[in-house]
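A short worksheet on the structure shown next.
The values are calculated or read from the model by the stated rules, or taken from the named source; none is laboratory data. Note that the structure is predicted; figures quoted are calculated from it, not measured. Virtual Cβ from ideal backbone geometry, glycine too; neighbours counted across all protein chains shown. Accessible surface is based on the protein model in full, side chains and every heavy atom, while ligands, DNA and RNA are left aside. Shrake-Rupley method; radii C 1.70, N 1.55, O 1.52, S 1.80 Å.
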Amino acid sequence: MKTCSFKDLESYPTMQRVIEQEEKNTMVVASAGNTARAFAHVSSITGLPLLLVVPENAIEKLWIPAGSTSSICVAAVQGDYYDAISIASHITEKEGFVPEGGARNVARRDGMGTVMLDATLTMKRLPDHYFQAVGSGTGGIAAWEAAMRLKMDGRYGDELPQLHIAQNLPCAPLIQLHESVPVDPKCPEGMYDTVLFNRKPPYAVGGGVRDALEATGGDLYGITNEEAEEARLLFEELEGIDIMNSAAVATAALIKAVRNTKVSKSDLIMLNITGGGVKGALKELATIRLEPDLVVSPDDSEAPAKIIKKTKDKFE
Ligand SMILES: *Cc1c(COP(=O)(O)O)cnc(C)c1O
């Protein structure tokens, strides 16, 4: 995964689906990091048009493997991630643009679900436990869906893996929905990894996080920055590779589950390291940085119109 996170597993099938549906519209992605990089990389390979709407302070994180960027239009918003999402949603209401779809996009979920397929084929049976750090929880839903198919197949066991999903305290909206623990109004400030913050996760919707937890007898974990940092250092020392901070939150959840005997020594455990290896990638891969095609203010009511014009000009 050349942009170093499991968002690469979502971007390929999503772009493939666009091709199969002969979608003529430009895909719009609002992201502060991993998703933007993953979609930009696939756009760079395929030449399919992509509009990225990103907060200005995230621009420096937008490296991708070297290649063409002529199919990518980057709009930088002088605000936070929520300003970028808001502007992107205005744009996708207009003709010629389509949102990437988030948790409701079956291509994204099936792409993420390949982690469960791969682990099960490698271990020869379904794991007893699945650990992942989540923001929206889409990865957890995807793992559950993939596990249901493997169970139906019959060759890999008949028990669904328990979902153990982790968020970063005190900025844990899913834990708030699940257990009525309040989210600090300062969030996502001070988070160990802001990728784990989503203000509107698909929790109560049918087939969402709540259903996935109930169906698998799963559990939610709140992880502090200190616990995550300890887990990150331990993982790097023991496995010899750097992991993204979000993956450290998942690792800390596994440590907690072992301590609280939620898992036992003889259980098959799957830990999803959702991102890592950035140090090596930046050393070994030729990379380029995406530059903004335009910069807009979130207070400018014309911002969506300006971005649309710039995108059309660039792709014509
Ligand atoms: C997006 C992301 C997550 C959280 O993914 P969900 O969509 O909530 O499943 C975790 N780790 C990394 C590295 C990510 O990029």
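Can you show me the helix-derived [θ] at 222 nm for the chain, built from DSSP H runs with n ≥ 4 at -39,500 (n - 2.57) apiece and divided by the number of residues, rounded to the nearest 500.
Taking each H run of at least 4 residues, the total per residue is -13500 deg cm²/dmol.
At the residue level, LYS151 shows approximately 90 square angstrom of accessible surface with a 1.4 angstrom probe and all protein chains present.
Considering only PRO185, PRO298, PRO161, the mean-square fluctuation computed in a Gaussian network model of the chain, springs between alpha carbons under 10 angstrom, is largest for PRO185.
Remark: the chain carries a charge dipole of roughly 520 debye about the Cα centre, counting +1 on each Lys and Arg Cβ and -1 on each Asp and Glu Cβ. The share of C-alpha pairs in region 237-304 whose separation exceeds 14 Å stands at 74 percent.
Across 10 Å bins from 0, what is the distribution of all Cα-Cα pair distances for region 41-197, in whole percents? P(r) for region 41-197, in whole percents per bin: 9, 27, 33, 23, 7, 0.
Among the protein heavy atoms of the chain, carbon and sulfur supply 51% of the accessible surface, probe 1.4 Å, non-protein parts ignored. For region 106-279, the extents of the C-alpha atoms along the principal axes are 47, 39, 32 Å, listed from largest to smallest. Residue ranking by accessible heavy-atom surface, 1.4 Å probe, largest first, among LYS186, LYS256, LYS312, LYS24 comes out as LYS24, LYS186, LYS312, LYS256. Protein heavy-atom accessible surface, 1.4 Å probe, per residue over the chain: 47 Å².
Calculated over region 182-316, the projected area of the Cα convex hull averaged across directions stands at 13.6 nm². Here the extension length gained between ALA204 and GLU229 equals 5.9 nm, from 0.36 nm per residue of separation less the Cα-Cα distance. Coupling constants for region 246-261 follow from the phi torsions by the Karplus curve (6.51 cos²θ - 1.76 cosθ + 1.60, θ = phi - 60°), and in residue order they are 4, 5, 5, 5, 5, 4, 5, 5, 5, 4, 5, 5, 5, 4, 8, 6 Hz; glycine and proline get x. Ligands, DNA and RNA aside, GLU237 has an accessible area near 140 Å² when probed at 1.4 Å.
Annotation: amide H of LEU294 within the under-5 Å range of VAL74, ALA76, sequence separation 5 or more or interchain, hydrogens built in the peptide plane. Centre-to-centre separation between the Cα atoms of region 201-248 and those of region 69-102: 28 Å. Derived from the Cα gyration tensor, the three semi-axes of the equivalent ellipsoid of the chain are 33, 21, 19 Å, largest first.
Taking every protein chain into account, the 1.4 Å probe leaves VAL98 with about 30 Å² of accessible area, to the nearest ten. Of the residues VAL134, VAL42, VAL296, the one whose Cα sits farthest towards the positive end of the charge dipole of the chain is VAL42 (charges of +1 on Lys and Arg Cβ, -1 on Asp and Glu Cβ, taken about the Cα centre). Under a 5 Å amide H cut-off, with hydrogens placed 1.01 Å from N, ASN168 pairs with ILE223 among residues at least 5 apart or on other chains. By the Cβ rule of 4.7 Å, the chain holds the following cysteines without a possible disulfide partner: CYS4, CYS73.
Each Lys and Arg Cβ is given +1 and each Asp and Glu Cβ -1; about its Cα centre, region 106-279 then shows a dipole of about 420 debye.
For the set ILE269, ILE175, solvent exposure ranked by accessible area (probe 1.4 Å, protein chains only) runs largest to smallest as ILE269, ILE175. What's the local net charge at ASP313, with K and R +1, D and E -1, over the other residues with C-beta under 13 Å away? My count for the surroundings of ASP313 gives +3.
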